[in-house]
Amino acid sequence: MILTASLWLGLQMLFSSVTAFPDTAGPAEKGRLIYQNRFAGQQDVKNWVMEGPGELKFKDGWMEMYSPGKKWDHVFWCPEYFPGSFTAKWEMQNLDTSAGLVIIFFSANGDKGQDIFDPGLPKRDGTFKYYNRGQINEYHISYYSNNPKDPDRSSTNLRKDPQFALLQTGPAGIPAASIAVHRIRLVKAGSRIILYADERKVIDYTDDGKTYGRAYAGGRIGFRQMRWTHFRYRNFRVWRNTETIQGESVKKKK
């Protein structure tokens with residue numbers, strides 16, 4: 001049976017009503033917009049940093065990211081340094097459902113607190129060990145997973161690096177075969193991390209700062225794709241959070 005894009009969208013709306021985490025606190029309030037990028041053309045990302053053999057193509061207001069010939073994995077880093085409490089939103093769509101895996105890195109810093117672009121850190125080429133077992137402290141969430149070794153994984157995983165510690169497993173963010181446009185929202189409120197996929201909450205975790213070391217604060221954000229992946233992205237925006245979530249202040253200290 002072949003599913004059309006419109007049928008898939010209808011199915012996505014149906015399943016989006018089922019959540020693993022009741023959203024009793026409601027969505028985080030957004031404060032001042034501190035970064036926005038339409039991803040509409042090469043000029044928009046001239047200061048971004050690609051690690052690994054990822055390539056970009058711009059069409060119809062979207063940025064496509066892929067590895068020609070599915071050569072190797074890649075990470076695309078935003079040049080901005082973001083605070084410890086933020087809300088980030090973007091839209092994305094899968095252009096090749098045969099295989100792939102998508103991760104968002106955030107709160108990324110060197111293991112000694114230096115910038116991830118510090119020349120003293122080992123050079124990175126998209127190989128995962130340089131991110132999850134190397135010299136970077138960060139959180140990462142895999143919210144689309146269709147790895148040929150583990151096809152159609154039905155979960156979203158939040159991990160903390162460089163321990164590669166699995167902090168929480170939630171329901172799948174983007175279904176493996178979906179060709180719909182998906183809206184992603186990542187909220188970091190101090191030590192609390194929430195990820196929404198089309199307003200379904202799939203991750204809601206608070207880092208206690210003890211089990212796997214201190215909770216991470218501000219840092220870089222990067223988009224990672226495995227070699228088979230071909231997604232397109234648009235409308236990446238980040239706000240500084242200024243309100244509270246269940247009584248926790250997320251206002252940035254001056």
Inset, instruction - Taking the options I116, I104, name whichever one is assigned to a loop (DSSP other than H, G, I, E, B) and open to solvent by less than 10 Å² (accessible area, probe 1.4 Å). - result: I116
Inset, instruction - Pull up segment 11-46, narrow it to residues that are modelled with pLDDT of 50 or more and open to solvent by 100 Å² or more (accessible area, probe 1.4 Å), then point me to the one that is nearest to A189 (Cα to Cα). - result: E29
Inset, instruction - Enumerate the pairs (first residue in segment 64-77 and under 15 Å from R234 (Cβ atoms); second residue anywhere and of a type in the set (G, A, S) and in a strand (DSSP E or B)) with beta-carbon separation below 9 Å, excluding pairs fewer than 6 apart on the same chain, so at least 6 apart or on different chains. - result: F76/G222
Inset, instruction - State all residues of segment 161-188 that are more than 14 Å from T97 (Cα to Cα), of a type in the set (G, A, S) and open to solvent by 40 Å² or more (accessible area, probe 1.4 Å); if no residue qualifies, say none. - result: none
Inset, instruction - May I ask you to list pairs of residues, at least six apart or on different chains, whose Cβ atoms are under 8 Å apart, with the first in segment 195-214 being over 17 Å from S142 (Cα atoms) and free of Cβ contacts under 8 Å to residues at least 40 places away in the same chain and the second being outside any strand (DSSP E or B) and of a type outside the set (V, I, T)? - result: T206/S191; D208/S191; D208/A215; G209/S191; G209/A215
Inset, instruction - All but one of (1) in contact (Cβ under 8 Å) with a residue 24 or more places away in the chain; (2) in contact with a strand residue (DSSP E or B) (Cβ under 7 Å, 6 or more places away or on another chain); (3) under 27 Å from D208 (Cβ atoms) hold for V181, so report the exception by its number. - result: (3)
Inset, instruction - Test K71 against the stated conditions and say whether it is basic (K, R), open to solvent by 70 Å² or more (accessible area, probe 1.4 Å), within 26 Å of G134 (Cα to Cα) and at pLDDT 95 or above. - result: yes
Inset, instruction - Scan D118, D125, D150, D198 and give me the residue that is more than 12 Å from the chain's Cα centre (by Cα) and closer than 26 Å to A215 by Cβ. - result: D118
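I need the full set of residues from segment 208-230 which are open to solvent by less than 60 Å² (accessible area, probe 1.4 Å) and not in a loop (DSSP other than H, G, I, E, B), in order please.
Result: G213, G219, R220, I221, G222, F223, R224, Q225.
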Legend entry - Unique match (being among the aromatic types (F, W, Y), assigned to a strand (DSSP E or B), modelled with pLDDT of 95 or more and surrounded by fewer than 20 Cβ atoms within 10 Å (Cβ to Cβ)) among Y233, Y205, Y196: Y205
Legend entry - F82, sole failed condition from (1) over 16 Å from T229 (Cα atoms); (2) open to solvent by 40 Å² or more (accessible area, probe 1.4 Å); (3) in contact (Cβ under 8 Å) with a residue 60 or more places away in the chain: (2)
Inset, instruction - Determine if segment 239-252 includes at least one residue that is out of contact with any Pro (no Cβ under 8 Å at 6 or more places or on another chain), part of a strand (DSSP E or B), of a type outside the set (K, R) and modelled with pLDDT of 95 or more. - result: yes
Legend entry - Hits in segment 104-135 (condition: free of Cβ contacts under 8 Å to residues at least 60 places away in the same chain and under 22 Å from I194 (Cβ atoms)): N132
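The values are calculated or read from the model by the stated rules, or taken from the named source; none is laboratory data. None of these values were measured; they are calculated from a predicted model. All Cβ positions, glycine included, derive from the backbone under ideal geometry; neighbour counts span all protein chains shown. Quick note on the areas: whole protein, heavy atoms, side chains included, nothing else; ligands and nucleic acids left out. Shrake-Rupley method; radii C 1.70, N 1.55, O 1.52, S 1.80 Å.
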